[in-house]
Each structure stands twice: as C-alpha cells, then as structure tokens.
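Before any comments, here is the structure.
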Amino acid sequence: MSQTIPGIAHRAPETLSMASALNAAIRDAMTDDPTVVLFGEDVGPLGGVFRVTDGLYAEFGETRVSDSPLAESGIVGTAIGMAMYGMRPVVEMQFDAFSYPAFQQIVSHVAKMRNRTRGKIQLPIVIRIPYAGDIGGVEHHSDSSEAYWTATPGLTVVSPSNPADAYSMLREAIASDDPVIFMEPKSRYWSKAELTLPVQTAPMTSAVVLREGTDVTLLGYGPTVKTALATAELGAQEGLSIEVIDLRSLSPFDDATVSASLRKTSRVAVIHEAAQFGGYGAEVAARLTERNFFYLAAPILRITGFDIPYPSPKLEEYFLPTPDRILAAISRWEWN
Amino acid sequence: MSLKVESTRIPTVLAPPPLRLIDDAGHAVDDSQTGGFTLPDTATLLSLYRRMVIARRFDVQVTALTRQGRLATYPSALGQEACEIAAVASLDSGDWLFPTYRDSIALLTRGVKPEDILASFRGDWHSGYDYNKHCIAPQATPLATQALHAVGLATAAKLKRDSTVALTLLGDGATSEGDAHEAFNFAAVWQAPVVFLVQNNQFAISVPLDKQMACRTIADKAIGYGMPGYFVDGNDVAAMFAVTSAAVDRARAGEGPTLIEGLTYRIEAHTNSDDPTRYRNAADVDVWRGRDPIERLEKFLVSEGALSDTERASITQEAEDTAAATRECMTIKAVVDPLELFEHVYANARPALAEQREALAAELAEDNANQAADTAAETGTHR
C-alpha cells in the first residue's frame, strides 16, 4: 500500500519503528519547511519521553526545537499565536491524559479560529498526543481521549497504526492548513517495518482495507488495528472470513470506504480501547446504520474498553479488547 | 457555608499609590509620584485626548443602541479610556493587539470601522474585521486565553528576527485564570517581546478584586515571574501612555515582557444584562466618575492653554461623526447567508459536511418556494 513518491530521491530501505518513522517525518518536514517549529515538554535534548523527537534539538537548534515550560495550555496557546504569525508548530502533549489542561485552548480556539475569522486566520498546528494503553502505564498514562476531540467541529483527528502511515500521515498533517490532532498509539511505538523514505501511503483522511474478507467487517484504529488483524487470523482458522479496515482518520470519517465494506459483508464491529458509552464507536455505529440499514444483517457491535476508568497495569489485560473477546461477540450474532 | 475570612490574613505592606503623571485635579504631579517617567509632550497628550473623546462617544452610542435592543450585547469600557487608548497609541502599525470583548474602543482607535466592530455584537458572525490588516486578533471571550496567543505570536516574531511586539489586554478577573499564569511564565522564560496590560476595573462581573487575590497589587505578581511590573493610575492617560510605551520599547529592544496594571473602574454594568446595584454602591461609582480620565486630561490641557476652541470643536465634530457612522451602520442590512455556516470550518473540504450543507440548502429552497406560493395566494385574494 505504501509507495515511493515519483520525482523525489529516496533513501535506502531501512527498518524503522513507528517512533523512528515519526521522528523522520518531523525531521524531513523541518528540513523542507523553515516555518515548522517543534516544542513541548522534554522534546529538546532528551528527545521526548518516547524519543520521538530524538536528535532534532541537536540538528535544528533551540530556535526551532525547544523545551517549553511544563504547561499544556501554554503549549497549545502559544502554538496558536505562532501559527497566527506564519509558523507551523508541531507540539507534543507527552501523554493523553496530560492533554486535558489544554482542552480549552484546543476546543475554543484551535478548533474555532478559522470559522470565527471566516478563514482569515488559519491555524496549521499539529498536536501530537501519545495515547491508549497496553504499556503497563500508571494512572493517567493510558487514556484514549479521541472522542473528546472528534466531538469538536474544526478538528481533524487521525491515528496511524503502523510505521509507514506514521511517517506519511504526520508529513501530511504538518502540511495541512487545518489543525490536526495526531494520536499516536503508544503500544505501537516499537512496532517495526521496512521503509523507503520518504514513503507516501493513502491520504490521511482515508480509511484503508488491510485485509479482505466476506463475512464480517472489523473496524479498528491506532492500537486496535493489530487486534483486528489478529482476530481475522484467528477467525480464518474457524472458517470466518473477516475484512479488516484501518480507519486511520477519525474525523473526518471515511463513509465511502467503510459503507462499501459493510454492504459487502453486512456485518460490522468496531473496536476501540476507550470506554463504550458515548465513545467513538457509538458514532460509527449510528452513522453506518443511518446510511446502510437495509444492508445490515445484524446490529453493529462495539467491542471496547469497559465503562470504567482505565485500570492499573495488572488489570489492563482484562480491560482491553482481545481477539477472543471479539470473536465471542461476533459469534453471538444470529448467523444463518 | 461562608468562605468569609475574618482578618486572619498575615498583615502585608500596604499597596503603594499607583504611579501617575497628572493627578485627579488635572495638575502635573511632583517627582515622588512619577516613578521616573516623564510627561508626554503636548501634541501627544492632545492626540490621546482626541482619541479618548471619540472612543467615549462611540462607547456611549453603542450602549444606547444596546439598550434599544438593537445589539445582542455590548460590554462597555466607559471610564477605562485611558488604558484602552494608551495601549493602542503605544503600538506601531505592525505590532499586534490581543483584545478582549471589553476592548472595542481599542479596535476603533486602531482604525477598525464601527460596522466591523459591531458585526459580532449584532450577531452577524462571531467576529468581523480584517485581523491581518489591522494586526488585531479576534476579541477573546474565554478569559486570559488570548494572552498565550500574544506570547506565541511575539515569540514567532522573535524567532523570525522581526521587530514586532504583541500587547495583550486583560482584566483583573482574568489574572485568576491559569492561562494568565502560563502566559506570564512562558513570556518571561522565552523573553517574548510582549506587554501584558491588565485593566484592573475592580470587578469581574460582580466579584470584587479582594475575592480574586490576596496580594497587594496585580503588578506585584510580575516579580514572581522575573519581569518588571508597574502599578499605574489607569485613569491617567499620560502615565498609562508613558509606561506602556516604555514597555513596548523594552520588548522591541529584546529585553522581554512587562506586566502593567492600570487601576481604573468599570463605570457601566458588565453588560446590558447585568445589574450592578446588586453588588456595589452608587456612591462608589460616583467617586470614580469624579476621577474621569477625560476630564482630568482636559483640565490639564486647558490649564496649559493647549486646548483651543477650534481644537475642541474639531474633536467634537469627529466624535459626533463617529457616533453617526455607528448609528448608520445599524441600518445596513447585513447579509447573513445560512450556507456560509459550512464554509470556513475547514480548509480541506469534507464530504459529510457537504451533505449537511445540501440538506440545509434544500430546506431553504423549500421555504422560499412555500413563501413564494403564499405570496402568490395572498396577492390573488387581495385582487
């Protein structure tokens, strides 16, 4: 699916983790565009707590890569001012749950500035949020906060699931004139792939069919794409043909790709780590039902985290959706 | 439960008197009160006077229009003209102003047309002027959020080695917000070319300053952030201009941010939907009416023989012209296009949003068709 870009020099193929691919995307964007600046907590000499910004401070210097004071509203608020003056800030929220102090700046200004000013002020800001669990993190380090952002008009919300997409989608997010909430699945940071940079995959607002199937469509994004693929593998052993779609973009939602799959398989389940009630899966189920009701053979299922706060490390395995739990849920549909 | 604390507060040093250049009676003060700042020249003072009078006339006019029910709301800055006009006058045309909802007269003074200022208060759109042309950010409603934007813009200018300075207006209540703290701190750490001008009008809607903070002055907080702070008589435009100009020069010279507190008073209600008689005495308001910033400078200029009848007539004329233009713009029927609702949300088009736009367009077309049919039927009946 990933492809090389015509007319552009490519580097030798290399095996990169998602964190390294994100690092390369920021480095290449900063090299190509002098208005791209990077700041946040510990992104300087340390290279970020996940090393996503490793080496960038040394390469680009303090004027373009800087450690900010420890204050998320300040990080996003100052990014807004910088964008108003022609910069393209890329800022980091260190951990999902640490993005909440920036909620007002994101919801009231990042999301609304373009509309408020009738397009006269654009805010090309990328807010990187390492999110979700399965890393044995202590409290506040494993939240899936996507629904807060997808419920806010004005924000583009995307989440890559693999190194190639991580590179390509982050390049596209930085180049976008719209502000982008870029949600990085922490549990996938160390997943590896061989890439020939600069790699270009499908547009970041498109969903992609990763595995074709005829019986069920499984929708995942970020950390749950791996779960969906594992489920499909397991399902195949039981004679179940599962199609897996990586949503990639949560807002906008790629209705066309997902509806086409639904009309083929007539059964859909959406998987996410976030709690179910009011979660992103509710929107997916509702809009797919509205658009495709007569093609459905069964209700759309949400296989998600429970409606509880994210648990402590020793309990997270019971919380996270697993292939077994997904297959069990699918098997409870009425099959005839 | 009452949170009232009976004077258990540790006694602190009393607040110093605010620095000033012209006193309430319109006399230049002695050196003990000036903080080392010098009185601006007469031409500058005359220009400040002219702009305050025009701003006052506009403010009174807009309040009147609001009382007539012709505007959704208007937060008046009556009595705060010295702070507002000094802020604008201290900036170069390429410097950026980050105003709040109460700072419409600052916009007017920077050259924004009344009709463009009133677009939001009329309910046409959330904001309605050319931000990049005037170098003015949209008027912020969420408190203190714009201070961070000012710090960011100033920092971007510094990174680009431009000489641009940003000035943000804040209120006393806004200094309780976390964003004010973060803005002060970021600015000081980054040595951003930014000026924070806090108009301490002593009320956050109904809540007085002693319920916002326990320190002597807002200006005192500056030392905690590592920047200079000035406590200034906010009704003395000469002092406000001298201090703010010095802060702007300091920022432009690369010496970092400054926090200025202008002690003033909100003479009007918070907005037209507020009732100040529920939380403050009319006598207090009268005291502050007696400290009017315009009358004070007028007394000074008259005593200096600097305000001729011709000058006065010319200022009055310009003020009345502004008021007339303000009334006039209420008669302009603003074109609000429901389909524009979808136009500016994203730079990149979204199919699902286009679907919603089409749905509204269909509703509008149906309404129009029904109206046309009704009109035709009515015309037929009357014939």
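Observations on the structure shown:
- Considering residues of region B:158-206 that are within 13 Å of chain A (Cβ to nearest Cβ) and at positive phi only, the residue nearest to the chain's Cα centre (by Cα): B:Gln191
- Flag for A:Pro69 being free of Cβ contacts under 8 Å to residues at least 60 places away in the same chain, within 11 Å of chain B (Cβ to nearest Cβ), in a loop (DSSP other than H, G, I, E, B) and in contact with a Phe, Trp or Tyr (Cβ under 8 Å, 6 or more places away or on another chain): yes
- Count - residues of region B:234-283 that are assigned to a loop (DSSP other than H, G, I, E, B), aliphatic (A, V, I, L, M) and within 23 Å of B:Asp210 (Cα to Cα): 2
- No other residue among B:Tyr265, B:Tyr346 is among the hydroxyl-bearing types (Ser, Thr, Tyr) and within 14 Å of chain A (Cβ to nearest Cβ) apart from B:Tyr346.
- Among the residues making up region B:132-153, those that are surrounded by 20 or more Cβ atoms within 10 Å (Cβ to Cβ), part of a helix (DSSP H, G or I) and at the interface with chain A (Cβ under 7 Å from one of its Cβ atoms) are B:Thr145, B:Leu148, B:His149, B:Ala150, B:Val151, B:Gly152, B:Leu153.
- Test: residue in region B:108-124 that is crowded, with 19+ Cβ neighbours inside 10 Å and within 19 Å of A:Ile125 (Cβ to Cβ): no
- Flag set for A:Glu184, criterion: assigned by TED's automatic domain parsing to the domain that holds A:Phe39, within 24 Å of A:Gln94 (Cα to Cα) and surrounded by 24 or more Cβ atoms within 10 Å (Cβ to Cβ).
- Filter result for A:Pro89 (over 22 Å from B:Ala144 (Cβ atoms) and crowded, with 24+ Cβ neighbours inside 10 Å): no
- Hits in region A:1-46 (condition: in contact (Cβ under 8 Å) with a residue 12 or more places away in the chain and small (Gly, Ala, Ser)): A:Ser2, A:Ala12, A:Ser17, A:Ala19, A:Ser20, A:Ala21, A:Ala24, A:Ala25, A:Ala29, A:Gly40, A:Gly44
- Test: residue in region A:36-50 that is out of contact with any strand residue (DSSP E or B) (no Cβ under 6 Å at 6 or more places or on another chain) and within 14 Å of chain B (Cβ to nearest Cβ): yes
- Unique residue being out of contact with any helix residue (DSSP H, G or I) (no Cβ under 6 Å at 6 or more places or on another chain) and without any contact (Cβ under 8 Å) to a residue 60 or more places away in the chain when the list is B:Glu182, B:Glu177: B:Glu177
- When A:Ser161, A:Ser142 are checked against the criterion of being within 25 Å of A:Gly305 (Cβ to Cβ) and either touching a strand residue (DSSP E or B) at 6+ places or on another chain (Cβ under 7 Å) or not polar (S, T, N, Q) (or both), a single residue qualifies: A:Ser161.
- Looking only at region A:81-101, and only at residues there that are more than 10 Å from every other protein chain (Cβ to nearest Cβ) and either within 12 Å of A:Ile125 (Cα to Cα) or of a type in the set (A, V, I, L, M, F, W, C) (or both), the one that is farthest from the chain's Cα centre (by Cα): A:Arg88
- Among the residues making up region B:332-383, those that are farther than 25 Å from B:Ala119 by Cα and assigned to a loop (DSSP other than H, G, I, E, B) are B:Asn348, B:Ala349, B:Arg350, B:Arg383.
- Cβ pairs under 9 Å, 6+ apart, first in region B:310-336 and without any contact (Cβ under 8 Å) to a residue 12 or more places away in the chain, second outside any helix (DSSP H, G or I) and not hydrophobic (A, V, I, L, M, F, W, C): B:Val335/B:Asp124
The rows are residues; the columns are (1) farther than 16 Å from A:Thr78 by Cα; (2) in contact with a Lys or Arg (Cβ under 6 Å, 6 or more places away or on another chain); (3) aliphatic (A, V, I, L, M).
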site: B:Ala157; (1), (2), (3): no, no, yes
site: B:Lys160; (1), (2), (3): no, no, no
site: B:Ser163; (1), (2), (3): yes, yes, no
site: B:Ala166; (1), (2), (3): no, no, yes
site: B:Gly173; (1), (2), (3): yes, no, no
site: B:Ser176; (1), (2), (3): yes, no, no
site: B:Glu182; (1), (2), (3): no, no, no
site: B:Trp190; (1), (2), (3): no, no, no
site: B:Asn200; (1), (2), (3): yes, no, no
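The values are calculated or read from the model by the stated rules, or taken from the named source; none is laboratory data. Computed from a predicted structure; not experimentally measured. Please note: Cβ atoms are built from the backbone with ideal geometry, for glycine as well, and neighbour counts cover all protein chains shown.
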